[in-house]
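Only the coordinates and a few stated rules stand behind these numbers; no lab work does. Bear in mind the structure is a predicted one, so any value in this text is a computation, not a measurement. Don't worry about glycine lacking a Cβ; one is built from the backbone with ideal geometry, like all the others, and counts go over all protein chains shown.
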Amino acid sequence: MHEVMIIIRREFLERVRSRAFLLGTLLFPVFMVGIFLLPNLGNRGSVHRSLVLVDNAPPPIGERFAALLTPVDSVANTYSIERASGDFDAMRASLNARVQAEEIDGYVVLPADIILTNTVTYRARNVGSQSVLRELTTAATEAVQEERLREAGLDRADVAALVRRVTVDDASITETGGEGRGATATFFYAYILSFLIYFITAFYGMNVLRSVLEEKTSRIAEVMISSVKASDLMLGKIVGVGGAALFQVAIWTGFIVLAVTRSDMLEQRFGIPRAALAGLTIPVTDGVLFLLYFILGFLLFAAVFAAVGAAMTSEQEAQPMQLPIMVPLFLPLLLSPQITGEPMSRLATVLGLIPLTAPIVMPMRIASAKVPFIQIAGSLVSLLVGLLLVAWLAGKIYRIGILSTGKRPSLPELMRWLREA
């Protein structure tokens, strides 16, 4: 046991003291803050477009279109409109020349039959801005609609009041009878949480694989095996790397707790809504379950990565084997809309009972709805049994593979290793 603790300590400190660990630990909170800040920063900025309006439409339409694009209290994109009229085909060449000479940014053409064709022409040097295109479309639509309503003898405000959309104020009911997250917040909460489990498991699992390959190719493993059992070496590696992953998660959790407790200050200084920060809070019971799924899932996949690293002779040989290992981790993320949308469906329930997908699926389900205890217990038992079976098989491969050199073993050779180990 003393030898195992030495290996655990070595693997843990080797990763915690690395520059990659420090950068990853610091950059993740910065990335999360950026997710909240970028939309606010983007809303504060604006672009200016100098446009020529070729107005051949009925008079109220062009006037209304220009007025909608240049509101007095505009805080978004701004426009300067130069009015023109006449035959567009005769003006096209000169307008294109002005755009090329950067005298104007572009031009908009309102044809005489716009009420029938329902089409506006927009040409510009840069048409990549979706916000500009959206505002042009909205202004043209409202201007044309208002003219149509006027011709029909209807008032736009009255019609808008009659056909205004109904909003749905959605929220889940918590175990205490209170109101929880809405549909959108629940999806992102479940997705981000599951993505973190996927990312950490995949990243540190590959760390185990590379560590095994490095020691095997450099013949360090031969020296270590002379003083410690192969199974103890594999156990020490997995637990040591897992400890570094948990330590990093603990630091991130501390950042989140600090952000939630300082939500008032963050809202005042940076405009981050308190409701968004409140959505980061995790109930204690859910937090314990998430931790269990992360630990068991990491141990399971780390054992698989260790076995692959021991069986291969180089990282190039190991790369094709990584994809089959990653598929069970990544598949739940692809199915996240179905899992979070219907957490009690047969698909979500079955995937939650399969050991290779349960570490990602079950946190999604728990974050989305109240999952019956019997399903959580069955999932954890299934995951534990799968972990023990995979660790046992991986240990057999590791004991022989860690000292094998030469060509990559074939499937019959791997089966022979399992029988002989």
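With each label modelled as a point 7 angstrom along the Cα→C-beta vector, the PHE195-ALA369 pair spans 2.4 nm.
Computed 3J(HN,Hα) for region 290-307, one whole-Hz value per residue from the Karplus formula 6.51 cos²θ - 1.76 cosθ + 1.60 where θ = phi - 60°, is 4, 5, 4, 5, 5, 5, 5, x, 5, 4, 5, 6, 5, 5, 5, 4, 5, 5, glycine and proline marked x. Rounded, prolate or oblate, given the Cα gyration tensor of region 47-160, with a/c below 1.5 counting as rounded? Taking the square roots of the gyration eigenvalues as a ≥ b ≥ c, region 47-160 is oblate. Of LEU383, LEU347, LEU116, LEU235, the sequence from fewest to most neighbouring Cβ atoms within 10 angstrom is LEU116, LEU347, LEU235, LEU383. Annotation: peptides 196-207, 150-161, 304-315, ranked by per-residue average of other Cβ atoms within 10 Å with the highest first, follow the order 304-315, 196-207, 150-161. Summing +1 for each Lys or Arg and -1 for each Asp or Glu among the other residues whose beta-carbon sits under 14 angstrom from that of ILE81 gives -2.
Here LEU353 and ASP286 are evaluated by their C-beta separation; at R0 = 22 Å the FRET efficiency comes out at 0.70. Along the charge dipole of region 47-160, Cβ charges K/R +1 and D/E -1, which of ALA139, GLY86, THR121 sits furthest on the positive end? Toward the positive end, the furthest listed residue is THR121. What is the distance, in nm, between label points placed 7 Å from the Cα along the Cα-to-Cβ direction at TRP392 and at ARG156? Here the modelled spin labels are 7.5 nm apart. Placing a pseudo-label 7 Å from each Cα along the Cα-to-Cβ vector at GLU342 and ILE6 gives an inter-label distance of 5.6 nm. Taking the Cα centre of region 47-160 as origin and assigning +1 to Lys and Arg Cβ atoms and -1 to Asp and Glu Cβ atoms, the resulting dipole is close to 300 debye.
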